[in-house]
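This report concerns only the one structure given below.
The values are calculated or read from the model by the stated rules, or taken from the named source; none is laboratory data. Please read all numbers here as calculations on a predicted model, not as lab measurements. So basically every Cβ, Gly included, is an ideal-geometry build from the backbone, and we count neighbours across all protein chains shown. Just so you know, the surface numbers come from the protein's heavy atoms only, side chains and all, with ligands and any DNA or RNA stripped out. Shrake-Rupley method; radii C 1.70, N 1.55, O 1.52, S 1.80 Å.
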Amino acid sequence: MSRYDVIGRMNACFTELEQALGALQQQIVPLRLLAARVFSLPEVEKGQEHQAISHIAVEQHVGQAARDLALEHYQRLFIHHNRENVSSKAAVRLPGVICLAVEQPEYQALQTQLALINRLKGELEQIITVDSGLAPEQRFEFVHTHLHGLITLSAYRTLTALTNPDSVRFGWANKHIIKNVKRDDILAQLEKSLKAGRAVPPHSREQWAALVSREIDDVSRLPQHATLKIKRPVKVQPIARVWYQQQQKQVQHPCPLPLIALCQVESGAAVPKIGELLNYDVDAVKHRYKPDARPLRLLVPRLHLYTDDATR
């Protein structure tokens with residue numbers, strides 16, 4: 001696919017996404033609001049994106065003010081939607097839920113609209129990350145040349161609809177992304193990085209080549225059977241725990257955007273109980289007991305690559 005085709009598809013997809021989000025707002029505003037609660041989190045200032053987070057102060061909004069913040073947030077896709085000192089590398093999060101009374105035609109229309117929006121979000125991500133054929137470090141310039149100021153993470157985040165939940169409660173998740181990898185695959189990745197011959201700040205081209213060469217040597221010394229894991233920390237994130245009484249089932253959702261609870265009141269659905277998101281304090285986090293895992297050592301820090309092999 002030519003570059004011009006990709007640009008055309010990306011622009012057309014994004015235009016359709018903007019229109020679909022605007023139409024969603026027009027669908028929601030006339031509906032009876034049963035309850036709403038959203039939580040503003042501190043904005044991340046420029047240069048603070050990678051700072052460790054130990055405390056997060058939460059500001060609560062309820063009722064129509066919460067609904068209006070939610071509708072605005074769904075369409076908050078560009079850097080210019082943020083204050084000047086707010087980082088463009090960290091998408092703003094607004095956990096919470098808005099609960100809407102819907103009859104069957106409204107329920108179907110909203111489900112159809114939300115499916116359209118999420119499909120367009122997926123297509124946009126596919127175009128930018130796969131169809132463009134660009135390496136990750138090239139995508140920023142490509143996107144911002146044609147969709148100036150777009151915060152891609154905000155554009156990719158899907159909207160979540162709930163049907164007749166009995167309660168929605170909120171909390172914080174602190175976890176790692178863990179992926180098992182093969183030695184030869186890591187070596188191929190490192191060799192490709194070395195052959196690219198780029199300078200990666202803050203390193204010069206020569207310094208970067210020396211660093212990657214050392215990493216290749218360290219991985220090459222491992223036996224074939226060595227366990228290798230990428231264990232990448234994920235910053236603390238708000239989550240929602242949704243309870244369905246009839247099914248006796250709890251579903252946990254990541255919650256960077258307000259959830260949309262569709263309550264079919266004509267079928268006897270009640271207004272769900274909505275919990276509060278408390279301030280985050282790392283010192284107050286209680287970890288569940290887990291049996292001791294096999295100890296791992298950090299092999300390639302920048303890749304968060306660990307191994308069970310003790311050879312150095």
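If a residue has to be in contact (Cβ under 8 Å) with a residue 24 or more places away in the chain, surrounded by 14 or more Cβ atoms within 10 Å (Cβ to Cβ), assigned to a helix (DSSP H, G or I) and of a type outside the set (Val, Ile, Thr) to count, how many in the stretch 110-145 make the cut?
Final tally of qualifying residues: 12.
Among the residues of the stretch 39-56, is any open to solvent by less than 20 Å² (accessible area, probe 1.4 Å), of a type outside the set (Asp, Glu) and at pLDDT 95 or above? I'd like the intermediate steps shown before the answer.
Step one: of the stretch 39-56, the residues open to solvent by less than 20 Å² (accessible area, probe 1.4 Å) are 39, 56.
Subset that is of a type outside the set (Asp, Glu): 39, 56.
From what is left, the residues that are at pLDDT 95 or above are 39.
Within the stretch 39-56 (the criterion being open to solvent by less than 20 Å² (accessible area, probe 1.4 Å), of a type outside the set (Asp, Glu) and at pLDDT 95 or above), the answer is yes, since at least one residue qualifies.
Determine which single condition Arg157 fails, assuming it passes every other condition in (1) in contact with a strand residue (DSSP E or B) (Cβ under 8 Å, 6 or more places away or on another chain); (2) modelled with pLDDT of 90 or more; (3) crowded, with 18+ Cβ neighbours inside 10 Å.
Checking Arg157 against (1) in contact with a strand residue (DSSP E or B) (Cβ under 8 Å, 6 or more places away or on another chain); (2) modelled with pLDDT of 90 or more; (3) crowded, with 18+ Cβ neighbours inside 10 Å, the one that fails is (1).
Kindly evaluate Arg9 against the criterion of being assigned to a strand (DSSP E or B), touching a residue at least 24 places away in the same chain (Cβ under 8 Å) and either touching an Asp or Glu at 6+ places or on another chain (Cβ under 8 Å) or among the acidic types (Asp, Glu) (or both). I'd like the intermediate steps shown before the answer.
Working: assigned to a strand (DSSP E or B): no; touching a residue at least 24 places away in the same chain (Cβ under 8 Å): yes; either touching an Asp or Glu at 6+ places or on another chain (Cβ under 8 Å) or among the acidic types (Asp, Glu) (or both): yes.
No, not satisfied.
Please verify whether Val242 is touching an Asp or Glu at 6+ places or on another chain (Cβ under 9 Å), within 30 Å of Ala57 (Cβ to Cβ) and β-branched (Val, Ile, Thr), treating the condition exactly as stated. I'd like the intermediate steps shown before the answer.
Details: touching an Asp or Glu at 6+ places or on another chain (Cβ under 9 Å): yes; within 30 Å of Ala57 (Cβ to Cβ): yes; β-branched (Val, Ile, Thr): yes.
Yes, satisfied.
Which residues, taken from the stretch 219-236, are surrounded by fewer than 16 Cβ atoms within 10 Å (Cβ to Cβ), more than 32 Å from the chain's Cα centre (by Cα) and touching a residue at least 60 places away in the same chain (Cβ under 8 Å)?
Passing the criteria: Arg221, Pro223.
Any residue in the stretch 28-47 that is part of a strand (DSSP E or B) sitting within a Cβ distance under 8 Å of a residue that is open to solvent by less than 60 Å² (accessible area, probe 1.4 Å) and basic (Lys, Arg)? List the pairs, counting only those 6 or more apart or interchain.
Pairs found: Leu33/Arg67; Ala36/Arg67.
Restricting the search to the stretch 251-285, which residues are in contact with a Ser or Thr (Cβ under 9 Å, 6 or more places away or on another chain) and in a strand (DSSP E or B)?
The answer is His253, Pro254, Leu259, Ile260, Ala261, Leu262, Cys263, Lys273, Ile274, Tyr280, Asp281.
Quick check, is Ala269 out of contact with any His (no Cβ under 9 Å at 6 or more places or on another chain) and of a type outside the set (Phe, Trp, Tyr)?
Working: out of contact with any His (no Cβ under 9 Å at 6 or more places or on another chain): yes; of a type outside the set (Phe, Trp, Tyr): yes.
The answer is yes for Ala269.
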